[in-house]
Amino acid sequence: MADGNECYIVSGTWGIGGTGNNGAADLLAGGKLTVPAALWKVIVVLPVGNNDLQRMNAQTRVIAVWMPNTNAVGDDKWSNYRVSVDEIEQRTGYDLLSNVPASVQNAIEAGADRTVIQYMYLLPVM
């Protein structure tokens, strides 16, 4: 078994209308492409292993983000957009993580991840 974690990622879009370098837009490519109003992502983090559903518990780390589709998002840290899975479900109407036992699902979907993420930069040895 390898060290580290594995991630399950679910993502999608919501609504119509974003703002980019050319201003606000609802459609592109002659009406063939809808511009979403927001983008969302849910990441479930588990230590590498087997029987993932059985290993999930109320302490399983879940990271969820909701980002408006504007250029201003790039000026902020992604962590400013963390929300709960429940908020994404409320906005989209989806029932995410529905295969997880209900008691665990209720616990891990309720809160927004607030883990402080430290970055490490490796410099070449000279």
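For the stretch 35-43, the condition holds for no residue, the condition being that it is in contact with a strand residue (DSSP E or B) (Cβ under 9 Å, 6 or more places away or on another chain), exposed (fewer than 15 other Cβ atoms within 10 Å of the Cβ), without any contact (Cβ under 8 Å) to a residue 40 or more places away in the chain and not in a strand (DSSP E or B).
Of all residues in the stretch 3-34 being of a type in the set (S, T, N, Q) and outside any strand (DSSP E or B), which is surrounded by the most Cβ atoms within 10 Å (Cβ to Cβ)?
Per the criteria, the residue is ASN22.
Conditions (1) in a loop (DSSP other than H, G, I, E, B); (2) among the basic types (Lys, Arg); (3) surrounded by 10 or more Cβ atoms within 10 Å (Cβ to Cβ); (4) modelled with pLDDT under 95, marked per residue:
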position: GLY74; (1), (2), (3), (4): no, no, no, yes
position: SER79; (1), (2), (3), (4): no, no, yes, yes
position: ASP86; (1), (2), (3), (4): no, no, yes, no
position: GLU89; (1), (2), (3), (4): no, no, yes, no
position: ASN106; (1), (2), (3), (4): no, no, yes, no
position: ARG114; (1), (2), (3), (4): yes, yes, no, yes
position: ILE117; (1), (2), (3), (4): yes, no, no, yes
position: MET120; (1), (2), (3), (4): yes, no, no, yes
position: PRO124; (1), (2), (3), (4): yes, no, no, yes
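Scanning the stretch 47-60 for any residue that is at pLDDT 90 or above, in a loop (DSSP other than H, G, I, E, B) and either within 14 Å of GLY18 (Cα to Cα) or touching a Pro at 6+ places or on another chain (Cβ under 7 Å) (or both) turns up nothing.
Sort through THR92, THR34, THR70, THR19 and tell me the only one that's polar (S, T, N, Q) and in contact with a Leu (Cβ under 9 Å, 6 or more places away or on another chain). Answer to the check: THR34.
The values are calculated or read from the model by the stated rules, or taken from the named source; none is laboratory data. This is a predicted model, so every value here is computed, not measured. Using ideal geometry, Cβ is built from the backbone for each residue, glycine included, and neighbour counts are taken over all protein chains shown.
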